[in-house]
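Okay, structure first, notes after.
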Amino acid sequence: MPDDEGQIRTLIEQWAEAVHRGDIDAVLADHTDDIVMYDVPPPHDGVRGIGAYRETWPPFFEWQAQGAAFEILSLDVTAGSDVAYAQALLRCGTPKELAERPESRLRLTVGLRKEQGRWVVAHEHHSFADTTAGSGSDAAE
């Protein structure tokens, strides 16, 4: 479904731009009221609902104000008729963090559903690879 894939790609690109600008209304715009998000910082069992999702962003925006990057490097979209998912790698970090670990990537997985002819985000998962010495794992932090 190329048209759906294009719509979803645009939705995610606009979301990432809104995150980088710190525009909370635009960040929330295409999300369901019952969104579930698993994020890098706690709570480890995720946040549920648009209100809880909204509350996660101000601390991120404060951190990002230190000059942090938040940019999509790759984005793949798979769309069915009424559900879809996307996976992306993002460059996310302050200049200092990126200088220390230039290979670091934020991993993003998004689950979407089509409601009344419009794609909306119902699930987000953000993670970084576990790079602790000797961990041997690739777990979310």
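Axis of helix 50-64 versus longest Cα principal axis of the chain: the two differ by about 40°, to the nearest ten degrees. Across the chain, counting alpha-carbon atoms alone, Rg and Dmax equal 15.2, 49 Å.
Quick one: angle between helix 2-21 and the longest Cα principal axis of the chain, in degrees between 0 and 90, rounded to 10, please. Helix 2-21 sits roughly 40 degrees off the main axis of the chain. Of interest is the spacing of the C-alpha centroids, which for the range 66-108 and the range 13-33 amounts to 15 Å.
In a reduced charge model with +1 at each Lys and Arg Cβ and -1 at each Asp and Glu Cβ, the chain shows a dipole moment near 160 debye about its Cα centre.
Where a number appears in this text, it was derived from the coordinates with a stated rule and is not lab data. Note that this is a predicted model, so its numbers are computed, not measured. Backbone-built Cβ (ideal geometry, glycine too); neighbour counts: all protein chains shown.
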